[in-house]
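See below for the structure under consideration.
The values are calculated or read from the model by the stated rules, or taken from the named source; none is laboratory data. What you see is a predicted model; the values in this text were computed from it and never measured. The protein model used for the area step is the full one, side chains on, heavy atoms only, and it has no ligands, DNA or RNA in it. Shrake-Rupley method; radii C 1.70, N 1.55, O 1.52, S 1.80 Å.
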Amino acid sequence: MSASASHRSVLRYIYNHNPFYVISAVLMLFAVRSAYGTIEIGSINCWIMMGVLAGYTLLLAGIGVLIVRWGKVWEDARSVLLLLLLLFLGVSVSMDDLFSRVSQDQGLLLMSGGFLFSALLSEAVLWGAGIRLGVLYRIPYHLFLALFYAAPWWCSPEMHPRSPAELEWTLFLFPVVASVLFLCLWPAIRGGVSYVKSNGTPWGWPWFPWIAFGMIAACVAFRSFILCLTFGPAGPMWIKPISG
C-alpha cells in the first residue's frame, strides 16, 4: 500500500470512528467539575453551570443530526446519542443545588423546564436523524427523563420538609421507582426483533435500543449516588474533615 493510500485509510478510520466527541464531553464535564467542585454548597451559581451544560448539549445534538444526515456516519452517531443521555443527566444534576434555594413555584418551573428541554431535544434528534423508536420504548424513556428531574425536586428538604428518617426513605425510593420503570419495558421486550425492524438505523435488536437503556441504567445508579450526596442527612458531602 502506498503512503498516500495509507494516509487516506487512516483519515477515513478517524472520520468513521471519531473519538473526539467522547473526549470533548469528558473535558466539558471535567471543566465544570473543576470550576465548581471547590465552591461551598449554596454559593454556586448553578444557573450558569446549567446553561453551559444545556448549551453544549444542544451543540452536540446538532452535530449528531448533521453527521447522520450528511455523512451517514452511524458509528459516530451512536457515540453522540449515548453522550446526550449522559449530558441530560449532567443537566439534571446541575439543578440539585438550586432546589435547595428556590421557592416551591420556582422549583416546579425548574423541574418542568429541565424535563421539557431533554424531552423535546430527544424528539428533535430522533426526528432529525430519522430514527424510529417505538412507543413502547419511547414512553419509558421519557419517564426516565422525568424521574431524573423530579427526583431532586421531591427529595429536596426545602421543597418538601421531612425528618431525617423520612428523607432517607425518600432517597431509597429513587432506585425503586427506576426499577419499576424498567419493568415497563416488558411489552417492548415481548415484541422482540420484529418491533425494532425498519428503525431507520443500521442497528438491529438487541443493540437497538438496549445500548441506550444500558446507559440509562448506569445513569440511574450515578443519579442515586448524587442524590444521597446532595440531600442525604449523612452524605459524604456534608461530613466535615476533623482538623488536627
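Here the accessible area of the stretch 97-164 is 74 percent carbon and sulfur, with a 1.4 angstrom probe and all protein chains present. In the full protein context, the stretch 113-244 carries 54 Å² of accessible surface per residue, based on a 1.4 Å probe and ignoring ligands, DNA and RNA. When only alpha carbons are used to place a centre, the stretch 94-140 and the stretch 163-213 end up 16 Å from one another. To the nearest whole percent, what portion of all C-alpha pairs in the stretch 117-223 is separated by more than 22 angstrom? In whole percent, the long-distance tail amounts to 39.
With every protein chain kept in the model, how would you rank 137, 195 by accessible area, 1.4 Å probe, largest at the top?
So the residues, ranked largest to smallest area, are 195, 137.
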